[in-house]
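Peer 1: Here it is, the structure in full.
The values are calculated or read from the model by the stated rules, or taken from the named source; none is laboratory data. These numbers come from a predicted model, not from an experiment. Here the Cβ positions follow ideal geometry from the backbone for every residue, glycine too, while neighbour counts run over all protein chains shown. Quick note on the areas: whole protein, heavy atoms, side chains included, nothing else; ligands and nucleic acids left out. Shrake-Rupley method; radii C 1.70, N 1.55, O 1.52, S 1.80 Å.
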Amino acid sequence: EDYNMYPELQKAVKATGSESIFYNRLKALHFLDSWVKGRCILMGDAAHAMVPATGQGAGLAMEDAVQLGMSLEGSMDDGLRHFEQARKPRCEMVQGMNNVGARQAYNKDKTEERPLSQEEFSRLLYNFEPVKWKESQATTAMG
């Protein structure tokens, strides 16, 4: 019934035998303790997979790539540690908000309160600038 606006999809689903349809609930993944082990690093969905609620997986992976490039300007070991320290808080915030949104959308449970308003969340998502963030971190560290 959620797909009333897609009659072709309804027709295709009805024409498919029930033995060919597999239903798996989406599962939110827990935050990983660490993304770095030695000189091996997890990035993108390997580090912070998202359920398909806000469409942020690819965007965060691109941010990871930018941050990794900036973090590796010094030594490899320090750079990998810096990458994880720089990215984990933002990715966990987005992943957590994404999980709440998914539960609300897929479970039709609108009672769970979001830690941020939709406006605040959007501002954090779409106004993020890694280079400016790096500059602010350097200023904070020096001051």
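Peer 1: Rounded, prolate or oblate: which fits region 5-109 when a ≥ b ≥ c are the square roots of the eigenvalues of the alpha-carbon gyration tensor, with rounded for a/c under 1.5 and prolate only if a/b beats b/c?
Peer 2: Numbers: a/c = 2.91, a/b = 2.60, b/c = 1.12.
Prolate is the answer for region 5-109, as a/c is 1.5 or above and a/b outweighs b/c.
Peer 1: Leaving ligands, DNA and RNA out of it, report the carbon-plus-sulfur percent of the accessible area of region 1-94 at a 1.4 Å probe.
Peer 2: Numbers: 3750 of 6550 Å².
The nonpolar share, carbon plus sulfur, comes to 57 percent.
Peer 1: Something else now. How much length, in nm to one decimal, is gained on full extension between residue 20 and residue 34, taken as 0.36 nm per residue of separation minus their Cα-Cα distance? List each step's numbers first, then the result.
Peer 2: Numbers: separation 14, 0.36 × 14 = 5.04 nm, distance 3.86 nm.
Full extension from residue 20 to residue 34 adds 1.2 nm.
Peer 1: Using a 1.4 angstrom probe on the protein heavy atoms only, line up 70, 43 by accessible area, largest first.
Peer 2: Working: 70 25, 43 60 Å².
From most exposed to least exposed: 43, 70.
Peer 1: How many nm is it between the label spots at residue 127 and residue 58, if each spot is 7 Å from the Cα in line with the beta carbon?
Peer 2: With each label point 7 Å from Cα toward Cβ, the separation is 2.5 nm.
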